[in-house]
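In what follows, a structure is listed as structure tokens, so that the remarks can point back to it.
Values in this text are rule-based calculations from the coordinates and carry no lab data. Bear in mind that the values here come from a model prediction, so they are computed numbers and not experimental data. Methodologically, a virtual Cβ is constructed for each residue, glycine included, from the backbone with ideal geometry; neighbour enumeration extends over all protein chains shown.
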Amino acid sequence: MQFVLKDFINNKDLADIEFRVGTKETIFYGHKFLIGLVSDFWYKKLYQEGWQTETPKGRVIVKLPKLDPILFGYFLEYVYTRKVSIKNSLVFDLWKVADRYGVAQLKKQCSDKFIETLDLTNCFHFYEYGISSGIKEWVVASRKFISLNIELILSKPNCFEGLQEDTIKDILTLENLLSPEIQIFWALYNWALKRMQKMGSTTSLSSKNQNKKKVTIKTLIKGFIPYIRLNLMSFQDLIEIHKTGIYDVETLFDTTIDLAIKNNIKLNQYTRAGPQLSNMKILFLGNCRRGQARIDHIIESISSGGLDNVKFLNISETTPIFKTMNEYDAIVVRSRNGESLIEPTSLGDNLARFVETGKGVVVMAINSLINTDSYRIQGRLVDEGFVPLQVAERIQQEQKELGEIHSPNHPIMKGVETFKTKDYTHVIGTHEINGGNLIASWNNGYPLITEKTKQGGKYGSVVCLNFHPCSTKITNDCGKAWLMQTDGAKIISNSVEYVLREYMKKIDL
């Protein structure tokens, strides 16, 4: 039927309505009953209110002087075929036409087309359009695209050009936004420079005019100062910023002192001293229906090697946003059977983003990777292969102990001699490790410790520990607990220390 009707688009045969569109009154022909079907707006205009002006041939005349004839042509295409093939550059304008005439399905098609056309050069502007026009689906799609691609977007020359100040501030406060602060600074600087030029400022390269330009740029950037985190920049970045004249010397000096203290750097030395392991912050994500004692016991194991800066967060009550996670240097995550995660997909998405910064995660795999959706981690961390263990059924085995050590020189195995459970053990019953490294196995062959680092070492490391995290010290009546006189705590502590040290290698001071 659609193919038959397509032949009648702008065809004056049997047409009973004549549209005169735009200032030059470009003529389009149509059929009242078909146009009246697309929305209440057109039905009321054509059949209830009515346009009575008629041509000598009896056609109703409708004048639309403010509408672009090209857009109306696309509108008629939709009327007769219920679909439209539109140029990317006209999607937003056609959406406005569909909105004006109340054509819901055409609006949806335009929105879908818009989402398909999102790229590094237009996403900021579409985000601004979505906010100003109240198009929720545009805002959501743009926000997600921006968060995932912010570094590439900011690398484009003049990426903020043409945006309103409020839009830029909104972008800089998006959740899950991670980009080098120096990149944000230069994007803002170039935005201010372009805006200043449009305001009529000189582009002379003379010293006098250069100073004048800096003052003007400083005035324009002033409102963005709270959004630029100097303390996350390197010393070299601060030197480059100083040359622009945007910040006063005192502010940069104070930041330099703070940065030196944070990273244990002596300012009177040229050697680079990395941050101390004991100062690194660890976030333990878990749940505690069985009581705080078990949580404290796991924290004790994490801290047993000297890593005592550990904070606990209950993921059955809340899911930390990425910005909260990124305040820490490593994350340990453990889910319990019988305690549903509040947002398992968001948890996995945020953890994946955390790993993409170069920081590491230790996954206590029992229940965290069980094939029961409400208990396990979901989202990108699992779906995109960050985790070196496949989601699978949890199985119970008779008393088991440390089996083959496949990487005896691996840092996680340092000082580990024995590991054994009390009566039985629970494991994630799979041998699939998603391209990761098998460090050690149970004596029945199932993976015990695995590790994976994606992107050739660019991302942080993810370690999976395929055993119950508590020992007989706290749960002596629990048969699956590991014997406290064996090296379970050392395995846990070594795993956290390993992902921290791998992250420290990536820090560019």
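With both labels modelled 7 Å from their Cα along Cα-to-Cβ, the ASN309 to LYS506 distance reads 1.8 nm.
Arranged from fewest to most other beta-carbon atoms within 10 Å of their beta carbon, ASP13, ASP166 become ASP13, ASP166. Counting every other Cβ atom within 10 Å of each residue's Cβ, CYS123, CYS110 order from fewest to most as CYS123, CYS110. When the GluC sites (Glu not before Pro) in region 306-368 are filtered for DSSP coil states and for at most 12 other beta-carbon atoms within 10 Å of their beta-carbon, the remaining sites are GLU317, GLU327.
Annotation note: GluC sites (Glu not before Pro) in region 396-482 located in DSSP loop regions with a Cβ neighbour count of at most 11 within 10 Å are GLU417.
Going from the fewest other Cβ atoms within 10 Å to the most, the residues PHE145, PHE75 appear in the order PHE145, PHE75. Compared with the alpha-carbon gap, the fully stretched path from ILE239 to GLU161 is longer by 25.5 nm at 0.36 nm per residue. Partners of LYS359 within straight-line reach, counting lysines whose Cα lies under 18 Å from its Cα and excluding those fewer than 8 residues away in the same chain: LYS262, LYS281, LYS311, LYS323, LYS452, LYS454, LYS458, LYS505, LYS506. From the square roots a ≥ b ≥ c of the eigenvalues of the alpha-carbon gyration tensor of region 277-506, which class results: rounded (a/c under 1.5), prolate (a/b over b/c), or oblate? Rounded is the answer for region 277-506, as its axis ratio a/c remains below 1.5.
Summing +1 for each Lys or Arg and -1 for each Asp or Glu, what net charge is found among the other residues whose Cβ lies under 15 Å from the Cβ of SER407?
Working: positive: LYS414, LYS452; negative: GLU404, GLU451, GLU502.
Neighbour charge sum, excluding SER407 itself: -1.
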